[in-house]
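These notes concern the structure reproduced below.
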Amino acid sequence: MADKCDLCLLGLIVLSSLLTGTCGVDDGRVFNRSGENVRLPCNNALSECTTTTWNYNRFRHSAAAELIGLGIKKKETERHERLSLGSDCSLNIKNVTEEDYGSYTCRQFVNDKQQGPDARVFLHVLHVSVSPSSSSSQTEISPGRSVTLSCQLYSVSCDYLVRSEGIDLLWVNQTGVDLKTDSRYQILFSSDHCNISLTTTLLNEDDNREWRCQLTLRNQLETSDRYTVKYSGEETISGISFRSS
């Protein structure tokens, strides 16, 4: 009899938690490359987005910035022009940059009272840069020159993701072969494995050659960025293009 009462009591506690909203919404993760558009889901949305508020912060103990207040964009935010609210109350960000990584929290308010738990989404941004940069008037990307490509994962918890969640970064060629297997390339990781660099000396046949930085989670591809080298004519500075996979 006592066992049955204990079971009933446990059931009432669980039911009460569900009804009062004390059970949390699972944190989400979104991986994106810089330069693309991204959608961050709001998993606690009510029937209308006029109850929805989106907050952002990059560091655990930093003050949060309000991006959307009760369905209305805050004009004073730096990214105001790049933000929009989806019909399902998701937060849309255009042309994501490495500065956009961090924690985004969706909350619902009715009559100034929060309804239910927070719905939090962590945005992780993959960004590729090149040295020397082709934007410099003193630099020309051409055969015989050495270039270094740096692929960085910007994240509030990158070291944890690498250590505990199976995140990995790698450089591959156009056919998907890991470039660590080719002695022509020097591949180096940062101490926290959140940055992987590729250094090589350019050859004549490298014009229009493509190298890809891939981010995998438990061996599953999450996102990638591509680098394509472009050799210029004698009177123009070469260009570099980045394209999503």
- Item | P(r) tail fraction, the stretch 25-124 - alpha-carbon pairs more than 21 Å apart, % | 26 percent
- Message: From the phi angles alone, apply the Karplus equation (6.51, -1.76, 1.60; θ = phi - 60°) to the stretch 110-117 and give each ³J(HN,Hα) in whole Hz, x where the residue is Gly or Pro.
- Response: 10, 6, 6, 10, 5, 9, x, x
- Where a ≥ b ≥ c are root eigenvalues of the Cα gyration tensor, a/c under 1.5 meaning rounded, otherwise prolate if a/b exceeds b/c and oblate otherwise, the stretch 79-192 counts as prolate
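Bear in mind that the values in this text are calculations on the coordinates, not laboratory data. Remember, predicted model here, so these are calculated numbers, not experimental data.
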